[in-house]
Amino acid sequence: MSFFVNVALGLLFGVGLVISGMADPAKVLNFLDVFGTWDPSLALVMGGAVFVAFIGYRLVLTRDKPIIGGSFYLPTTSDIDARVIAGPAIFGIGWGLGGFCPGPALTALGLGASGTLAFVPAMILGMWGARLLAESRAQVRAV
Amino acid sequence: MTEFTPFASLVGGMMIGLSAVLLMLWEGRIAGISGIAGRLLPPYRDSAFLSRFGFIVGLVAAPLAIAVTTGEAIQQSVPSSIPLIMAAGLLVGFGSVWGNGCTSGHGVCGLSRLSTRSFVATAVFMATAFVTVFLVRHVIGG
């Protein structure tokens, strides 16, 4: 059941990405090119998403718990540590080079562009590398 | 050049926000794509694999659903240099998981929750992305 609800929510998210233009790297790169062929569209994607989520989260979080599962899994870390600077800094460089962030890259898979087919496996490798590195550092700290 | 699409972008953005809200309502999780995708890889720390897999299936199926329902071609232009795009993929994958979030987790969900950590993360990735595009297009390329 949860699987199918998640398929529907992923579909809604992905259709939103396509309609908004986020799944087109040319549009993303033009948004990032303020001093060139600037296309401000993506500011509205972010604005629309944050507007709905800002109100929606406030309504949802008045509940004691979600529909399934015992509690809300909200991030509890609030430190501004090296990882929350270094990670986004590295991610931003890749985003500026390729015009893809993780969601749009996955959604764009079905469009079959050769660039996307090269980007996604590299991205998954990078994700796995970061997870394994984080796990090994956590183990060192625990010892 | 790409065309300024304020209406479509706003509507698409609101759908993304709605998906994030409904995921929180349904099972109490943040709709961060790097978190969802990154945790599909081992080691596994909880039992939400099937939920995450479902979300990614929906995400990947979205353009097919649009093609089937509207019959319209989806406009897209992906950088064609394979070494460049693979380097970009590695950086995006590593950086988003290392920093615990990307445009969706820190950007959409974190900003909506008024998380200071996400504000910092979003400011940092926006800044390095702007600088990267500036360097590529106007310093190296210009």
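Scanning segment B:22-50 for residues that are facing another protein chain (nearest Cβ under 7 Å), part of a helix (DSSP H, G or I) and surrounded by fewer than 23 Cβ atoms within 10 Å (Cβ to Cβ) returns B:LEU22, B:LEU25, B:TRP26, B:GLU27, B:LEU50. Scanning segment B:78-96 for residues that are closer than 12 Å to A:GLY94 by Cβ and not small (Gly, Ala, Ser) gives B:PRO79, B:LEU84, B:ILE85, B:MET86, B:LEU90, B:LEU91, B:VAL92, B:PHE94.
To keep it simple, each residue is scored yes or no on (1) buried (at least 24 other Cβ atoms within 10 Å of the Cβ); (2) more than 7 Å from chain B (Cβ to nearest Cβ); (3) not aliphatic (A, V, I, L, M).
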residue: A:GLY70; (1), (2), (3): no, yes, yes
residue: A:SER78; (1), (2), (3): no, no, yes
residue: A:ILE85; (1), (2), (3): no, no, no
residue: A:PHE91; (1), (2), (3): yes, no, yes
residue: A:PHE100; (1), (2), (3): yes, no, yes
residue: A:PRO104; (1), (2), (3): yes, yes, yes
residue: A:ALA138; (1), (2), (3): no, yes, no
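Of all residues in segment A:39-68, those satisfying the criterion of being surrounded by 14 or more Cβ atoms within 10 Å (Cβ to Cβ) and more than 7 Å from chain B (Cβ to nearest Cβ) are A:ALA43, A:LEU61. From the list B:ILE82, B:ILE56, B:ILE66, exactly one residue is β-branched (Val, Ile, Thr), more than 18 Å from A:GLY103 (Cβ to Cβ) and either facing chain A (nearest Cβ under 7 Å) or surrounded by 24 or more Cβ atoms within 10 Å (Cβ to Cβ) (or both). Which is it? B:ILE82 is the lone residue from the list that is β-branched (Val, Ile, Thr), more than 18 Å from A:GLY103 (Cβ to Cβ) and either facing chain A (nearest Cβ under 7 Å) or surrounded by 24 or more Cβ atoms within 10 Å (Cβ to Cβ) (or both).
Filter segment B:111-142 down to residues that are without any contact (Cβ under 8 Å) to a residue 40 or more places away in the chain, part of a helix (DSSP H, G or I) and under 18 Å from A:THR76 (Cβ atoms), then give me how many there are. Of the residues in segment B:111-142, 7 are without any contact (Cβ under 8 Å) to a residue 40 or more places away in the chain, part of a helix (DSSP H, G or I) and under 18 Å from A:THR76 (Cβ atoms). Applying the criterion of being part of a helix (DSSP H, G or I) and within 12 Å of the chain's Cα centre (by Cα) to the residues of segment B:98-110, the residue that is farthest from the other protein chains (Cβ to nearest Cβ) is B:GLY105.
Note on segment A:13-38: residues that are at the interface with chain B (Cβ under 7 Å from one of its Cβ atoms), buried (at least 24 other Cβ atoms within 10 Å of the Cβ) and among the aromatic types (Phe, Trp, Tyr) total 1.
Read-outs: derived from the displayed coordinates by stated rules, not from any lab. The model shown is predicted, which means the values in this text are computed figures rather than measured ones. A quick note on method: Cβ atoms are made from the backbone with ideal geometry, for glycine too, and the neighbour counts reach across all protein chains shown.
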